[in-house]
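As structure tokens, the structure follows; a few thoughts come after it.
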């Protein structure tokens, strides 16, 4: 018999593909320049990355390991922060060019 945590983790694993697709579509809707910049292969890589993250997090839930979950989120934040800062700086430059 599975615990609630295991059931939740297994459910997340089942939904991971659909969630990764939705995350990717929303990101490309919010940032249409990504499609022009990276093309279909970039979109596929974004989905693949999202799927990897979701599967890891689902496994940490299934294992009832908040520490694994939190450590991964912290690591991911560190990994993505330079990209977010770079995207923010680029958006500011574009705004300055418009003014």
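The values are calculated or read from the model by the stated rules, or taken from the named source; none is laboratory data. Worth saying up front: this structure is predicted, and the values here are computed from it rather than measured. Note that each Cβ is placed from the backbone with ideal geometry, even for glycine, and that neighbours are counted across all protein chains shown.
Looking only at the stretch 43-69, count every residue that is under 23 Å from residue 5 (Cβ atoms) and surrounded by 14 or more Cβ atoms within 10 Å (Cβ to Cβ) and tell me the total.
Count: 17.
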Worksheet item: Within the set of pairs 6+ apart or on separate chains, which have a first residue in the stretch 5-20 that is more than 17 Å from residue 63 (Cβ to Cβ), a second that is in a helix (DSSP H, G or I), and C-beta atoms under 6 Å apart?
Response: 19/54; 20/47; 20/50; 20/51; 20/54
Discussion item. Condition (residue is touching a helix residue (DSSP H, G or I) at 6+ places or on another chain (Cβ under 6 Å), farther than 24 Å from residue 22 by Cα and touching a residue at least 40 places away in the same chain (Cβ under 8 Å)) applied to the stretch 49-63: is it met by at least one residue?
Written reply: no
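Pick from the stretch 22-42 the residues that are farther than 26 Å from residue 65 by Cβ and touching a helix residue (DSSP H, G or I) at 6+ places or on another chain (Cβ under 6 Å): which of them is surrounded by the fewest Cβ atoms within 10 Å (Cβ to Cβ)? If you could, list the steps in order and put the result at the bottom.
Filtering the stretch 22-42 for residues farther than 26 Å from residue 65 by Cβ gives 24-42.
After this cut, where a residue has to be touching a helix residue (DSSP H, G or I) at 6+ places or on another chain (Cβ under 6 Å) as well, the list is 24, 28, 34-35.
On the way: 24: 21, 28: 17, 34: 17, 35: 13.
Out of the qualifying residues, it is 35.
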Fill in: residue 72, sole failed condition from (1) at pLDDT below 95; (2) in a helix (DSSP H, G or I); (3) exposed (fewer than 15 other Cβ atoms within 10 Å of the Cβ)
(3)
